[in-house]
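Take a look at the structure set out below.
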Amino acid sequence: MKNLIIFLFAVVIAAVSQAQEVTQLDEVSIGFAPIDAKVIKTPDGFTFNSDKLSSRHFVSDPIGFMYENFDIENYIAALKKEDYDSYKVSLRSSNGSMVANFDESGNLISTHQSFTNVQLPHQIMKKVYKNYKGWTMTKNKYRASTKGEVINKEFYRITLQKGNKKQNVKLEGNKTGISVASN
């Protein structure tokens, strides 16, 4: 019995000492879509599907989210033999989408953003509250387009309800052309 206990003790020590071995891993290269995306080839390009696009960061700053999670230079390098002269990147979430257009060098030409039920900017909320006291916002839609990263058109469509009455309101966003695209 004593020999059996000593033998089992020796086996446990050998097993534990083997578990402490350090394993060196090779470098990993993250491609053009570090977000957990499924890449599907379509007749006119590629589609990226990801569950991460439901994050609030995408809705609040779609261009920033795209730059953080999509590498256009690696994408262009991967498609070098295809010889495209422009690239369209579409990002979609449950709240909306953004389509970004790039030239052959990877420079952002324009974007088109469309989101539903976003948190309104403070100045828009104040305007709605001041002009529509007693009304409740039931839904809203945000639309914007940019030239490069600068917004050149932005508006909100807001649906308001007061009792049985419904009213749709369209409010222009920041039209100064100096802000970077964000909701």
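Can you tell which of Lys175, Lys127 is modelled with pLDDT under 95 and in a loop (DSSP other than H, G, I, E, B)?
So the residue among Lys175, Lys127 that is modelled with pLDDT under 95 and in a loop (DSSP other than H, G, I, E, B) is Lys175.
Only one residue in Gly134, Gly96 is of a type outside the set (A, V, I, L, M) and out of contact with any Phe, Trp or Tyr (no Cβ under 8 Å at 6 or more places or on another chain). Which one?
Answer to the selection: Gly134.
Return the residues of the range 150-165 that are free of Cβ contacts under 8 Å to residues at least 24 places away in the same chain and on the phi < 0 side of the Ramachandran plot; say none if nothing qualifies.
Lys153, Glu154, Phe155, Arg157, Thr159, Asn164, Lys165
Of all residues in the range 97-109, which are under 10 Å from Pro62 (Cβ atoms) and touching a helix residue (DSSP H, G or I) at 6+ places or on another chain (Cβ under 7 Å)?
Met98, Ala100
Out of Ala100, Ala144, Ala77, I need the residue that is of a type outside the set (Asp, Glu) and more than 17 Å from the chain's Cα centre (by Cα). Which one?
Testing whether each residue is of a type outside the set (Asp, Glu) and more than 17 Å from the chain's Cα centre (by Cα) leaves just Ala77.
Looking only at residues that are loosely packed, with under 12 Cβ neighbours inside 10 Å and closer than 22 Å to Asn107 by Cβ in the range 40-90, which one is modelled with the lowest pLDDT?
Out of the qualifying residues, it is Asp44.
Take the range 140-166 and flag every residue that is loosely packed, with under 12 Cβ neighbours inside 10 Å and part of a strand (DSSP E or B).
Lys165, Lys166
Which of the residues that make up the range 102-149 are touching a residue at least 12 places away in the same chain (Cβ under 8 Å) and among the hydrophobic types (A, V, I, L, M, F, W, C)?
Phe102, Leu108, Ile109, Phe115, Val118, Leu120, Ile124, Val128, Trp135, Met137, Ala144
The values are calculated or read from the model by the stated rules, or taken from the named source; none is laboratory data. What you see is a predicted model; the values in this text were computed from it and never measured. With ideal geometry, Cβ positions are generated from the backbone for all residues, glycine too; neighbour counts draw on all protein chains shown.
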